[in-house]
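To start, the structure under review is shown below, and the notes come after it.
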Amino acid sequence: MKLCIVSDTHGRTDELHAAALIAGDVDVFLHAGDETADAAWLASYMKIPVVGVAGNWDKPSVDYPLERIVSVDDVPLFLAHGHRLQVTESLQPLVARAESMGARIAVYGHTHVLHAGVHDDVLVVNPGSLALPRGGTKGSFVRLTSTAVPGGFVRYLVEHLTTTAEIISKFEFVGKK
């Protein structure tokens with residue numbers, strides 16, 4: 001399965017459109033908050049599911065709750081903006097919340113800083129921000145590819161890309177299904 005993950009687009013639909021084109025043939029598009037209107041705009045023309053959550057700039061709704069679980073090849077993914085889980089201070093509350101919901105992957109935004117790593121056996125991903133990147137990087141998004149491997153495991157490839165198709169970073173992790 002292949003996903004495109006964005007966050008903190010803040011009305012920059014040109015960059016969002018570019019990310020969708022560069023991500024290519026993906027199965028699901030995830031928006032980790034801050035401008036749910038951008039996610040709705042994208043959903044209006046995409047032929048694949050666009051799933052999002054509300055960020056601190058957004059009003060939560062039925063379509064964009066504060067957090068949700070998404071299935072990625074039968075592996076639960078926890079999606080939240082992260083502002084209510086204090087992700088600027090520590091990733092531990094995010095990881096604990098993901099674990100409490102049975103998720104093997106946690107996706108968040110809010111910090112505008114890209115991240116991919118494993119914390120307590122949970123793959124944790126922040127796509128950075130397409131609109132207002134921090135941490136000395138360019139605007140970025142994630143292409144996440146999952147592939148089943150023998151023995152009930154999944155190989156995840158997390159690629160942070162720019163809207164000019166430059167790969168900023170790659171992270172690979174093999175985890176339990």
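The values are calculated or read from the model by the stated rules, or taken from the named source; none is laboratory data. Please read all numbers here as calculations on a predicted model, not as lab measurements. Here the Cβ is made from the backbone with ideal geometry for all residues, glycine too, and neighbour counts use every protein chain on show.
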Would you mind stating whether Leu30 is in contact (Cβ under 8 Å) with a residue 40 or more places away in the chain, part of a strand (DSSP E or B) and crowded, with 16+ Cβ neighbours inside 10 Å?
yes
Suppose the filter is of a type outside the set (D, E, K, R), under 14 Å from Ser129 (Cα atoms) and either part of a strand (DSSP E or B) or within 16 Å of the chain's Cα centre (by Cα) (or both); does Leu3 pass it?
no
So, in region 89-119, of the ones that are of a type in the set (Ser, Thr, Tyr) and under 15 Å from Gly33 (Cα atoms), which residue ends up surrounded by the fewest Cβ atoms within 10 Å (Cβ to Cβ)?
Thr111
Give me the residue from region 55-85 that is buried (at least 23 other Cβ atoms within 10 Å of the Cβ) and part of a loop (DSSP other than H, G, I, E, B) and, out of that set, nearest to the chain's Cα centre (by Cα).
His81
List the residue pairs whose Cβ atoms are under 9 Å apart, where the first residue sits in region 149-160 and is closer than 23 Å to Ile5 by Cα, the second is acidic (Asp, Glu) and surrounded by 12 or more Cβ atoms within 10 Å (Cβ to Cβ), and the two are 6 or more positions apart or on different chains.
Val154/Asp73
From the option list Leu21, Leu16, Leu42, single residue qualifying as farther than 20 Å from Arg104 by Cβ and surrounded by fewer than 17 Cβ atoms within 10 Å (Cβ to Cβ) is Leu21
Does any residue of region 152-165 turn out to be assigned to a strand (DSSP E or B), among the β-branched types (Val, Ile, Thr), more than 15 Å from the chain's Cα centre (by Cα) and at pLDDT below 95?
yes
In region 71-109, the residues that are of a type in the set (Gly, Ala, Ser), within 20 Å of Gly128 (Cβ to Cβ) and without any contact (Cβ under 8 Å) to a residue 60 or more places away in the chain
Ala80, Gly82, Ser90, Ala98, Ala106
Residue that is farthest from Thr111 (Cα to Cα) [pool: residues in region 127-145 that are surrounded by 21 or more Cβ atoms within 10 Å (Cβ to Cβ) and among the polar types (S, T, N, Q)]:
Ser140
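Table: residues versus (1) at pLDDT below 95; (2) within 14 Å of the chain's Cα centre (by Cα); (3) not in a loop (DSSP other than H, G, I, E, B).
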| site | (1), (2), (3) |
| --- | --- |
| Glu89 | no, no, no |
| Arg97 | no, no, yes |
| Gly102 | no, no, no |
| His112 | no, yes, no |
| Val124 | no, yes, yes |
| Ala131 | yes, no, no |
| Gly135 | yes, no, no |
| Lys138 | yes, no, no |
